[in-house]
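Take a look at the structure set out below.
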Amino acid sequence: MNHSPQFNFDNSFARSLEGFFKPCKAEPATAPKLLQFNHALAKELGLDPIALDSEAGLAIFSGNTTPEGSEPLAQAYAGHQFGGFSPQLGDGRALLLGEVIDTQQRRRDIQLKGSGRTPFSRGGDGLAAIGPVLREYLIGEGMYALGVPTTRALAAVSTGKHVYREIALPGAILTRIAASHIRVGTFQYAGARGDILKVRELADYAIQRHYPDTADAENPYLAFFAAVADSQATLVARWMNIGFIHGVMNTDNMTISGETIDYGPCAFMDRYSSSTVFSSIDQYGRYAYTKQPEILTWNLARLAETLIPHVDTNKERAIELLTEMIECIQPLYESYWLAGMRSKLGLSTEDILDQELINDLLKLMEAGQADFTLVFRRLSQALRGDSNSVRNLFKEPEAFDSWEVRWQKRLEQEDVVAETTAQAMDKVNPIYIPRNHKVEEALAAATNQDMAPFTKLLDIVSHPFDEVTGNEAYADPAPATNRPYQTFCGT
Ligand code: AMP
Ligand code: MG
């Protein structure tokens, strides 16, 4: 039987936040085709995967049919882009179809990305090419499998239309799922207009949706700020723990929920270099790997500015309170980072010298041009009696030996059987990440209508910790000739 897809939309954003969006319809897709569909996520959302993996589903994911209960809209936001402020950005090529309550009672946004022009498109065409759509699908799902908070991909379709970048490319639409699409830039949108009441409305909405406990705090808006800062500090620490570089940490790409959003020129580092930048547009390295924690604080300070009138009627006092919070962000981030790094090294207790131990390893990796992901993964092999597999990743392997002695000594304090520690490490240090050359290979094939490499890679990065015989090529770094890798924002 062919049942039609039901969504049970409950559109709180449309209901509550007049002024933060414009209703808008998707542009028709001429010859839509389903490229990828996420059955497990559909189930988690309380949707019927069989009903959606169909012509009726395709019509929805391509924007050709508006499902019952959907109130499509483009959201307004502002943002600091590479430090410069734009008071009006907004969804220039995305539409929120609506919200559903998932099987775990969480409210989730369903959004089309690449579905045509909106009132916020400015000079843009509102479209997306297949490469960036599948890239967001793949890396987002990979991040999810790595345990990193992230928006997710429900479906990718090709539209049958051409999208003109430097050349004509097949157009595509991503159906994206998010805890919400509220950004630091959404607060800045109302803040920049001096619309204090609107900022308050938005804050009240975000509190109810994401941090309901803060409503009962002595100072709810200050507590809300602290909660966002905590989520984002956790997130950036997770990125740093896995060698992920977002690439465009503009304030419009930073969520209030603490999920990673807007996978554009992002990439995972291969050989460790603290100043790694992949994005071709990030000329000055503003969003380089080690800059990310600093930018975290900078972006949150922009959120704090919008909350001043709500934190205290006395402006000086409000600034004082928010500044105190802002000053806590780096230490907070560092504590999350350190906890993550400890578990990567198999440490479950704390020692005052751990930070030094970790930093010394990173320095050795940088000097030795060692692959970030593989060094951590292969450390567990050292505990199983094979130190060579990790030491050989360093240009001068001897440099690793004295560090290994220190680490093994530190592990003795833990009093845990080596194999137990090794197994715990293999659960936090991935073997498979979306390797840049593999991602490019898969996207190039998909652009030429061959989805097989993409599907295979998606499957592999969806199980990043489970080593599979035969998949060695997916664990290996890019051949040296592929360097330096560069990503482009043409999303
Ligand atoms: P992003 O680089 O994806 O974070 O986008 C920055 C801003 O540019 C957002 O307001 C987007 O909606 C907008 N934008 C990016 N690409 C396009 C496009 N092709 N058409 C219209 N707006 C776009
Ligand atoms: Mg964006």
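When segment 391-431 is examined, which residues are found to be out of contact with any Asp or Glu (no Cβ under 8 Å at 6 or more places or on another chain), in a helix (DSSP H, G or I), among the hydrophobic types (A, V, I, L, M, F, W, C) and at pLDDT 95 or above?
Once the filter is applied, which keeps residues that are out of contact with any Asp or Glu (no Cβ under 8 Å at 6 or more places or on another chain), in a helix (DSSP H, G or I), among the hydrophobic types (A, V, I, L, M, F, W, C) and at pLDDT 95 or above, segment 391-431 yields 400, 405, 407, 411, 418, 422, 424, 425.
Would you check which residues across segment 74-94 are surrounded by 19 or more Cβ atoms within 10 Å (Cβ to Cβ), outside any strand (DSSP E or B) and not hydrophobic (A, V, I, L, M, F, W, C) and list them?
Within segment 74-94, 77, 90, 91, 93 meet the criteria.
Does segment 241-299 hold any residues that are within 16 Å of ligand 2 (Cβ to nearest atom), over 13 Å from the mean Cα position of the chain (by Cα) and more than 23 Å from residue 326 (Cβ to Cβ), and which are they?
279, 281, 282
Exactly one of these conditions fails for residue 122: (1) within 16 Å of ligand 2 (Cβ to nearest atom); (2) without any contact (Cβ under 8 Å) to a residue 60 or more places away in the chain; (3) of a type in the set (D, E, K, R); (4) touching a strand residue (DSSP E or B) at 6+ places or on another chain (Cβ under 9 Å). Give me its number.
Of everything listed in (1) within 16 Å of ligand 2 (Cβ to nearest atom); (2) without any contact (Cβ under 8 Å) to a residue 60 or more places away in the chain; (3) of a type in the set (D, E, K, R); (4) touching a strand residue (DSSP E or B) at 6+ places or on another chain (Cβ under 9 Å), residue 122 misses just condition (4).
Just one of 81, 104, 88 is within 13 Å of ligand 1 (Cβ to nearest atom) and either farther than 17 Å from residue 263 by Cα or without any contact (Cβ under 8 Å) to a residue 40 or more places away in the chain (or both); which is it?
So the residue among 81, 104, 88 that is within 13 Å of ligand 1 (Cβ to nearest atom) and either farther than 17 Å from residue 263 by Cα or without any contact (Cβ under 8 Å) to a residue 40 or more places away in the chain (or both) is 88.
Would you say residue 51 is away from ligand 1 (no atom under 16 Å from the Cβ) and free of Cβ contacts under 8 Å to residues at least 12 places away in the same chain?
The answer is no for residue 51.
Quickly run through segment 29-48 and pick out the residues that are in contact (Cβ under 8 Å) with a residue 60 or more places away in the chain, surrounded by fewer than 21 Cβ atoms within 10 Å (Cβ to Cβ) and part of a loop (DSSP other than H, G, I, E, B).
Matches in segment 29-48: 30, 31.
Quick one: how many residues across segment 125-150 are among the acidic types (Asp, Glu) and within 14 Å of ligand 2 (Cβ to nearest atom)?
So the answer is 1.
For residue 65, work out the one condition from (1) within 13 Å of ligand 1 (Cβ to nearest atom); (2) without any contact (Cβ under 8 Å) to a residue 24 or more places away in the chain; (3) hydroxyl-bearing (Ser, Thr, Tyr) it doesn't fulfil.
The failed condition is (1).
The values are calculated or read from the model by the stated rules, or taken from the named source; none is laboratory data. This structure is a prediction, so every number in the text was calculated from the model and none was measured. Here the Cβ is made from the backbone with ideal geometry for all residues, glycine too, and neighbour counts use every protein chain on show.
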